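A.B. asks: Here it is, the structure, as structure tokens.
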Amino acid sequence: VKSKDATFLLKSKIIDAGIYINPKKWKPISKDIIPTSEYLFQNINNPQSLAVVISEKAPIPNLKSLKNIIISNIQSRVSFFRLLNSEYRTINGIETLYLKYKANVKGLDFTYASVYYLTDEGYMSIMSYAYDKDFFSEENEINNFINGIVKTTKSQVEDVIYTSPPPPMIKKK
């Protein structure tokens, strides 16, 4: 289940899923680092520990198919990959896929923990990672983060249309 300290709910704008976070331990950072992310966070106590929330509309039939797609995608992008753990978990009442793996990205070793939630519309991926040497000291906090995944309704985002202000009124003499 989610941590009792995870009190702030962020809803996906893409699918019916969201995540509870602990705002005292995780702060949002610029999504420019990972443009495909819906949300990106940095651990306040260890800035080398990051978390990514990705939501995607995709017609994936089941978690097993999603697992094969995810692993294939990761393997094609890294120079080294080793799956440490893979299991189906029930988190906050929803069926998820949990993956823990090591990967070498551009010469740097990272360890990742992630959960994937499949809906009728697509999936949500919550992944947290750190340098391999730092991961195990941060693993409890990383697991607390990814266990914040929940089923919810999509965030209703209103489009704001900006227009130029009207010209100033001229007073008649």
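A.B. asks: Under the 0.36 nm per residue contour assumption, what length would be gained going from the current alpha-carbon distance of I69 and I170 to full extension?
C.D. replies: On the way: separation 101, 0.36 × 101 = 36.36 nm, distance 6.41 nm.
This chain segment gains 30.0 nm when fully extended.
A.B. asks: Shifting gears a bit: With point charges of +1 on the Cβ of Lys and Arg and -1 on the Cβ of Asp and Glu, referenced to the Cα centre of the chain, which listed residue (T36, N144, I126) lies farthest in the positive direction of the dipole?
C.D. replies: Farthest along the dipole direction, towards plus: T36.
A.B. asks: For the chain, find the longest principal axis of its Cα atoms and tell me its angle to the long axis of helix 132-146, 0 to 90°, nearest 10.
C.D. replies: Approximately 60 degrees, to the nearest ten.
A.B. asks: Run the simple label-point estimate for K4 and R77 please: 7 Å along Cα→C-beta, distance reported in nm.
C.D. replies: The answer from the label model is 3.7 nm.
A.B. asks: Something else: N104: net charge of surrounding residues, Cβ under 10 Å, Lys/Arg +1, Asp/Glu -1, itself excluded?
C.D. replies: Here the count lands on +1.
A.B. asks: Using alpha carbon centroids, what distance separates the range 1-35 and the range 49-97, in Å?
C.D. replies: With the range 1-35 and the range 49-97 each reduced to a Cα centre, they are spaced 18 Å.
A.B. asks: Under the 0.36 nm per residue contour assumption, what length would be gained going from the current alpha-carbon distance of N104 and D132 to full extension? Walk me through the numbers on the way to the answer.
C.D. replies: Working: separation 28, 0.36 × 28 = 10.08 nm, distance 0.94 nm.
The span from N104 to D132 would gain 9.1 nm if fully extended.
A.B. asks: Now, a different point. For the range 83-133, state the average projected area of the convex hull of the C-alpha atoms over all orientations, rounded to one decimal in nm².
C.D. replies: Mean orientational projected area (the range 83-133, Cα hull): 4.3 nm².
A.B. asks: I've got another one for you. Pop a pseudo-label 7 angstrom from the Cα along the beta-carbon direction at both I34 and E139 and give the gap in nm to one decimal.
C.D. replies: In this crude label model, I34 to E139 measures out at 2.0 nm.
A.B. asks: Okay, moving on. What is the angle, in °, between the Cα long axis of helix 63-77 and the longest principal axis of the Cα atoms in the chain? Nearest 10 is fine, range 0 to 90.
C.D. replies: Around 90 degrees separate the two axes.
A.B. asks: How do the peptides 3-12, 82-91, 65-74 rank, highest first, by the average count of neighbouring beta carbon atoms within 10 Å per residue?
C.D. replies: The packing order, highest mean first, is 3-12, 65-74, 82-91.
A.B. asks: Sticking with this structure for a sec: Based on alpha-carbon atoms only, what is the radius of gyration of the chain relative to the globular estimate 2.2 N^0.38 Å?
C.D. replies: Dividing the Cα radius of gyration by 2.2 N^0.38 Å gives 1.24.
A.B. asks: Tally Lys and Arg at +1 and Asp and Glu at -1 over the other residues with C-beta under 12 Å from the C-beta of P59: what net charge comes out? List each step's numbers first, then the result.
C.D. replies: Details: positive: K57; negative: E56, D120, E121.
Net local charge, P59 excluded: -2.
A.B. asks: For D132, D109, give me the order by solvent-accessible area with a 1.4 Å probe, most accessible first, ignoring ligands, DNA and RNA.
C.D. replies: Output order, biggest surface exposure first: D109, D132.
The values are calculated or read from the model by the stated rules, or taken from the named source; none is laboratory data. Because the structure is a prediction, the values reported are computed rather than measured. Positions of Cβ are generated from backbone atoms using ideal geometry, with glycine treated the same way; all protein chains shown enter the neighbour counts. When the accessible area is computed, the model is the full protein with side chains, heavy atoms only, and any ligands, DNA or RNA have been set aside. Shrake-Rupley method; radii C 1.70, N 1.55, O 1.52, S 1.80 Å.
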